[in-house]
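> Let me begin by handing over the structure; questions about it come next.
The values are calculated or read from the model by the stated rules, or taken from the named source; none is laboratory data. Note that the structure is predicted; figures quoted are calculated from it, not measured. FYI the Cβ positions are ideal-geometry reconstructions off the backbone, even for glycines, and counts take in every protein chain you see.
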Amino acid sequence: MLNEDYKDMLQALSDEKVKFHIPSIDDLIHNKRASGRTKDLADAEALEILKTSECGDS
């Protein structure tokens, strides 16, 4: 079962039989930075670049 605070950050998607919980890109970036691990910090940077480039394409 998910913690109630964490549930608020998730976007629920579902198909006919399975429900998916996916964090927003901002929450994912925040969590990656909070971990402090080198790989996660690199992932956060890559996600920021992706987010910026997708916002510019609109």
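> Report, ordered by the first and then the second residue, all pairs with beta carbons closer than 8 Å, sequence separation of six or more or different chains, a first member in the stretch 29-58 that is free of Cβ contacts under 8 Å to residues at least 60 places away in the same chain, and a second member that is β-branched (V, I, T).
Hits for this filter: A44/I29; L47/I25; L47/I29; E48/I29; L50/I25; K51/I25; K51/I29.
> Quick one: is K39 under 18 Å from E54 (Cβ atoms), out of contact with any strand residue (DSSP E or B) (no Cβ under 9 Å at 6 or more places or on another chain), among the basic types (K, R) and at pLDDT 85 or above?
Details: under 18 Å from E54 (Cβ atoms): no; out of contact with any strand residue (DSSP E or B) (no Cβ under 9 Å at 6 or more places or on another chain): yes; among the basic types (K, R): yes; at pLDDT 85 or above: yes.
Spelling it out, it is not the case that K39 is under 18 Å from E54 (Cβ atoms), out of contact with any strand residue (DSSP E or B) (no Cβ under 9 Å at 6 or more places or on another chain), among the basic types (K, R) and at pLDDT 85 or above.
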